[in-house]
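Here the structure comes first, spelled out in structure tokens, and everything after it is commentary.
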Amino acid sequence: MTVIVIRHATPSSVPPSLPAHLGNHPVVCKDCSGVEEIRQCLCQIDAQPRDWVVLELGAVDEQQWCEQAAALGHALDQLPAQYIEVQATCELDLQSRLRLQHAPAAVVVDHRNAQGGYPLSLGIIRHRLAMEA
């Protein structure tokens, strides 16, 4: 089982403070430059049903939504792993925008910024893993 963090990051973005492992499970972070790259990453990560994905889209302009929404929605609906969406308060959640069939296990909103949502997201995953054990 792996925790895969996929985030929209600019060259000046500060990487999130993530542990290398959550319990015995590796935590891997993938930075993407936009919605298309996030979609590609979702399709290429070879996630397994036991894996968890933490997804932060960040600020996405309306043009990217218009061009990439359907493809992103399809990639999320095909994702075999459970996922948690991390966002800042100013963003619409993916379910509202994309009408997903495979909705997130949780949407974590941090009023300061999306970075603050990572500890809670990992805490949710840790709790869910403990329930499965």
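A few comments on the model shown:
- For segment 19-30, a residue qualifies if it is under 14 Å from the mean Cα position of the chain (by Cα), surrounded by fewer than 18 Cβ atoms within 10 Å (Cβ to Cβ) and not basic (K, R), and the qualifying residues are V28, C29.
- Residue match in segment 61-81 (condition: under 20 Å from E132 (Cβ atoms) and either touching a Leu at 6+ places or on another chain (Cβ under 7 Å) or of a type in the set (D, E, K, R) (or both)): yes
- Selection of segment 1-18 for residues being assigned to a loop (DSSP other than H, G, I, E, B) and surrounded by 12 or more Cβ atoms within 10 Å (Cβ to Cβ) yields M1, T2, A9, S13, P16, L18.
- Picking from residues in segment 46-80 that are of a type in the set (G, A, S) and over 28 Å from G116 (Cβ atoms), the one that is surrounded by the most Cβ atoms within 10 Å (Cβ to Cβ) is A71.
- Whether a residue is of a type in the set (V, I, T) and either touching a Leu at 6+ places or on another chain (Cβ under 7 Å) or at positive phi (or both) was assessed, and I6 passes this test.
- Pick from segment 84-101, criterion polar (S, T, N, Q) and within 14 Å of the chain's Cα centre (by Cα), ranking: modelled with the highest pLDDT: Q87
- Which numbered condition V28 fails, given (1) within 22 Å of Q78 (Cβ to Cβ); (2) not in a strand (DSSP E or B): (2)
One line per residue, one yes/no per condition, for (1) touching a His at 6+ places or on another chain (Cβ under 6 Å); (2) within 22 Å of G34 (Cβ to Cβ); (3) at pLDDT below 90; (4) not hydroxyl-bearing (S, T, Y):
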residue: Q82; (1), (2), (3), (4): no, no, no, yes
residue: P104; (1), (2), (3), (4): no, yes, no, yes
residue: R112; (1), (2), (3), (4): no, no, yes, yes
residue: L120; (1), (2), (3), (4): no, no, no, yes
residue: R126; (1), (2), (3), (4): no, no, no, yes
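The values are calculated or read from the model by the stated rules, or taken from the named source; none is laboratory data. In this text, all values refer to a predicted model and were calculated from it rather than measured experimentally. For neighbour counting, all protein chains shown are included, and Cβ atoms are generated from backbone atoms with ideal geometry for every residue, glycine included.
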